[in-house]
Amino acid sequence: MLTSELIRPQLRFHGKSVSIAMVDQQDPKRRQIAAELIELFQSQRDRTQEAWEQALTAYVGSRIDYIFVRGLAKVLVDNATFTPLPAPQTPTVVRETMFSYGPVFPNSDMLHPVSRDGALASVAQNLQLSPEEVEALLFADRHASYRLTDTGPDWTPAMLLARYNLELARGVLYWASHLTIEIADNYKDIWKFIKLFKLMFIAHSLSTGGYRIELDGPISPFVGATLRYGRQMAAFLPALFLCEQWKMHATVYPPQGRGAMNYKMDHTSNLQSHFKRSGEFDSRLEADFAAEFAAKIGERRGKWRLLRESELLILGDTVMIPDFVMVDSRDEHRRILIELVGFWHPDYLRRKLEKVHAANCSHLLLLVYKGLNVTEEDFQGVSSEVLFFPNKPVMKDVMATVEAMAQRLYGPAPA
């Protein structure tokens, strides 16, 4: 991600609001610079990071747009791989052996009887290396000595400029004290990335549909490791772009010392996420269930619609996202959540049971594989309905249970 020095010049202030001056991705001059940098960077393959920095410095020269150029370069480097030289001996051992000779000089004299070349030859013999290998390994563990082995994505100028704008946008969150987001879809991916980046949150359902999520920012009084947490919050932002409907409002304290400022974005933004969406289904069991429902029930034959992961159960500091929601086409308020429990891993099963007990949801139907190490006793005390199946759920039995639950919870269905 971009450093604050590369972000601050792009901040724009309007009263109590702050925004980012993003670059025009269609600007021919910007595209030309991006193309030149991509070519320059790719020409550095198998060379050291120090060599790349020297090449970049030469390219920047006396340019006045050096902030922009170095920002693009930072994006390239962050997505590339620099690796240390393969070494028969660790650089630490080589240095310790070399330095044991004390100060050495190009030529020996009475006070320094061993020249530098002599010390290199002696160390090489002791470590069974060549003098050239000793020379190369002395400081091979410095990042400047790492070699560019992978230049990252197959960049185009447009891709690089789009990613640069994204890095600018999320960099503002380094200075956030609080972040509020509203989402109306793709809950699974949002929570996957909230968990991945270990963000603290409070979630609320909205009367208009969807959810509001409150996130503590890196300069919140409740956050200890400010720098690390700030990077995690900034890293999370592209997850929002995977949603079709979203809003974001952050309270930020930019380093220019203007106090609390408002930083807002929503789904009308042109920013693009480099995160990948999750697959439609997490398992073959879920895919087969959806396919069988479509084949045997479907919207034409049945009175129920099957939606994929479209509701949350908020459980304090975590959430449960049921696999499906059955919605009665006759009355959309008649909804039955469905969770398939067919994964055998003990930790998964333990967490699943904990969430089921915490949710204690009366309109949740659990379809449980009999081969698991669970019984009806494990679900005692929960108000959810449990239906065991030997190989796969029988759709006729599932729909009968759904109808019975809806009758009990919502009363008779409309005619």
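Laid out as a table, the results:
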| quantity | calculated |
| --- | --- |
| Listed residue pairs exceeding 25 Å between alpha carbons, taken from 303/355; 192/303; 29/264; 195/303; 296/370 | 303/355; 192/303; 29/264; 195/303 |
| Exposed chymotrypsin sites (Phe, Trp or Tyr not before Pro) absent: longest stretch of the chain, with sites in DSSP loops and at most 11 other Cβ within 10 Å deemed exposed | 1-221 |
| Candidates 255, 88, 106: whichever shows maximal mean-square fluctuation once the chain is modelled as a Gaussian network with Cα springs under 10 Å | 106 |
| Cα-centre dipole for segment 284-410 with unit charges at Cβ (Lys and Arg positive, Asp and Glu negative), debye to 20 | 440 debye |
| Relative contact order of the chain, defined on C-alpha pairs under 8 angstrom at six or more residues apart (%) | 12 percent |
| CD proxy at 222 nm, helix term only [per DSSP H run n ≥ 4: -39500 (n - 2.57); per residue of the chain; nearest 500] | -11500 deg cm²/dmol |
| Residue of 320, 159, 110 that the Gaussian network model of the chain assigns the largest fluctuation, springs spanning Cα pairs under 10 Å | 110 |
| Rounded to whole Hz, the Karplus (6.51, -1.76, 1.60) HN-Hα couplings of segment 149-161, x for glycine and proline | 9, 8, 7, x, x, 7, 5, 10, x, 5, 4, 5, 5 |
| Total charge dipole magnitude, the chain, about the Cα centre, Cβ charges on Lys, Arg, Asp, Glu only, Debye to nearest 20 | 1060 debye |
| 0 to 90° range, to nearest 10: angle between helix 226-236 axis and the chain longest Cα axis | 60 degrees |
| The chain: angle of helix 49-60 to the longest principal axis, Cα-based, in degrees nearest 10 | 90 degrees |
| Degrees, to the nearest 10: 395-410 long Cα axis against longest axis of the chain | 70 degrees |
| Whole-Hz couplings from phi, Karplus 6.51/-1.76/1.60, listed for segment 170-182; x for Gly and Pro | 7, x, 4, 6, 4, 10, 8, 9, 7, 9, 10, 10, 10 |
| Residue-by-residue Karplus 3J(HN,Hα) for segment 112-118, coefficients 6.51, -1.76, 1.60, Hz, glycine and proline x | 10, x, 9, 7, 4, 4, x |
| Stokes-Einstein diffusion coefficient of segment 67-192, Kirkwood radius over Cα pairs, 20 °C, 1.002 mPa s, in µm²/s | 111 µm²/s |
| Exposure rule at most 15 other beta-carbon atoms within 10 Å, DSSP loop GluC sites (Glu not before Pro): the chain longest free segment | 1-243 |
| Added length on full extension, which subtracts the Cα-Cα distance from 0.36 nm per residue, residue 378 to residue 407 | 7.9 nm |
| Equivalent ellipsoid, segment 91-140 (semi-axes from 5 times Cα gyration tensor eigenvalues, Å) | 19, 11, 9 |
| Two-decimal ratio, the chain, of alpha-carbon radius of gyration to 2.2 N^0.38 Å | 1.36 |
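The numbers here are math on the coordinates, done by the rules we state, and not lab data. Remember, predicted model here, so these are calculated numbers, not experimental data. Counting neighbours? That spans all protein chains shown, and the Cβs are built from the backbone with ideal geometry, glycine included.
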